[in-house]
Amino acid sequence: MVRKVAVLALAVLIVGAWVTTAPAYENCNDLGYFALQVPSPTAITVDGEAGDWGWFDPDFIVTTDDMCNTLQGTMPPKSDIDIAIRMGWTPEPDNRLYAMVVVVDDTMNFDETVMDNGWKDDGLEIILDPDHAGGWHEAADALRTGHQQWTFEHSAPGGYPQTAWLRFNQPPEMQWAIEAGLVEAATNVEPASAAGMTIAPDVTVGYEVRMPAWDPYMPEGEAASTRWILQAGQTLGMSVILDEADAGGRTDQIATHKLELGAHDSDMTSEFTLLAIGEYATAVESSSWGKVKALLH
Ligand SMILES: [Ca+2]
Ligand SMILES: [Ca+2]
Ligand SMILES: [Ca+2]
């Protein structure tokens, strides 16, 4: 607790304008998270493998230690689940979010066959409120125009039908960005022998995502929606969640926000600030971002 107070106090000193003008969102680490500008977007292959993410400054990787278990206060041991999240972004003209999430799990579980029930499995969720305006207090199955729940799972025969899905209980027309290939996602399961299975022991699952952000995101499609323009220094309302099930249903939900409500209440999301290449690659200790970075772990 003492450390968290110190972190907050120093963060206010360093980035005073950012902290004091933002409402108190629900960052599990009480500080906020960071997405790093992808230096060579054409070098990223969306295949679930992290070999093309070697450029990512490891100090900005979000791990289990930086997250909250929203189903029960205690975090499962790393022998049960261990998480590493790398979030990236690009300015125009590419203007997309990138995510590489690696989960080491003692039991992989992707046996749900109904897409909207996928939360009962293992899986990745990216909750997005790009304009970070807050004020969205809707039910989980409300039309997700201003606060979207993008979800990603490993798909195998007899199990989960497809990798990406907008939840929860949305009308079919809300899946347009996935059907059009605008939201790209892939998973990679190791050992490879487990990739065709729905339940397997001791696996590493890689989730890789590349997608635009929209706010609002409308059921009428792309022309009716507003593509969000990502810019350095911007803070998005965004949470990253890993559902954890080892068989017989979900046991843990490990998130960058504090309360499960963050999945459908935009005042309860966590925050990701977009750092440009020069802001993280040269984040020496004496710079503002260098000091924030030093506080992260
Ligand atoms: Ca890759
Ligand atoms: Ca597990
Ligand atoms: Ca699991």
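The values are calculated or read from the model by the stated rules, or taken from the named source; none is laboratory data. Given the structure is predicted, the values throughout are model-derived calculations rather than measurements. Heads up, the Cβs are rebuilt from the backbone with ideal geometry, glycines too, and the neighbour counts pull from every protein chain shown.
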Of the residues in region 255-272, those that are within 16 Å of ligand 3 (Cβ to nearest atom) and either basic (Lys, Arg) or free of Cβ contacts under 8 Å to residues at least 12 places away in the same chain (or both) come to none
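Before we move on, is Leu275 touching a strand residue (DSSP E or B) at 6+ places or on another chain (Cβ under 6 Å) and either more than 16 Å from ligand 2 (Cβ to nearest atom) or basic (Lys, Arg) (or both)?
Here the answer is yes, as Leu275 does meet what is asked.
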How do the pairs read when you match residues in region 82-102 that are within 19 Å of Asp47 (Cα to Cα) and part of a loop (DSSP other than H, G, I, E, B) with residues anywhere that are modelled with pLDDT under 95 and among the hydrophobic types (A, V, I, L, M, F, W, C), using Cβ under 7 Å and keeping only pairs 6 or more apart or on different chains?
-> none
Restricted to region 58-78, and to residues that are at pLDDT 95 or above and of a type in the set (D, E, K, R), which residue is surrounded by the most Cβ atoms within 10 Å (Cβ to Cβ)?
-> Asp66
Can you give me the number of residues within region 226-254 that are away from ligand 2 (no atom under 16 Å from the Cβ) and touching a residue at least 40 places away in the same chain (Cβ under 8 Å)?
-> 14
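Yes/no matrix, rows are residues, columns are (1) away from ligand 2 (no atom under 16 Å from the Cβ); (2) modelled with pLDDT under 95; (3) surrounded by 21 or more Cβ atoms within 10 Å (Cβ to Cβ):
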position	(1), (2), (3)
Asp80	no, no, no
Ala84	no, no, no
Asn95	yes, no, no
Ala99	yes, no, yes
Thr107	no, no, no
Selection over region 184-211 where residues are under 18 Å from the mean Cα position of the chain (by Cα) and surrounded by 20 or more Cβ atoms within 10 Å (Cβ to Cβ) yields a count of 9
Among residues of region 109-124 being surrounded by 17 or more Cβ atoms within 10 Å (Cβ to Cβ) and within 15 Å of ligand 2 (Cβ to nearest atom), the residue farthest from Gly249 (Cα to Cα) is Leu124
All but one of (1) surrounded by fewer than 20 Cβ atoms within 10 Å (Cβ to Cβ); (2) aliphatic (A, V, I, L, M); (3) within 16 Å of ligand 3 (Cβ to nearest atom) hold for Leu143; which doesn't?
-> (3)
Can you confirm whether region 207-217 contains a residue that is touching a helix residue (DSSP H, G or I) at 6+ places or on another chain (Cβ under 6 Å) and more than 23 Å from Met100 (Cβ to Cβ)?
-> no
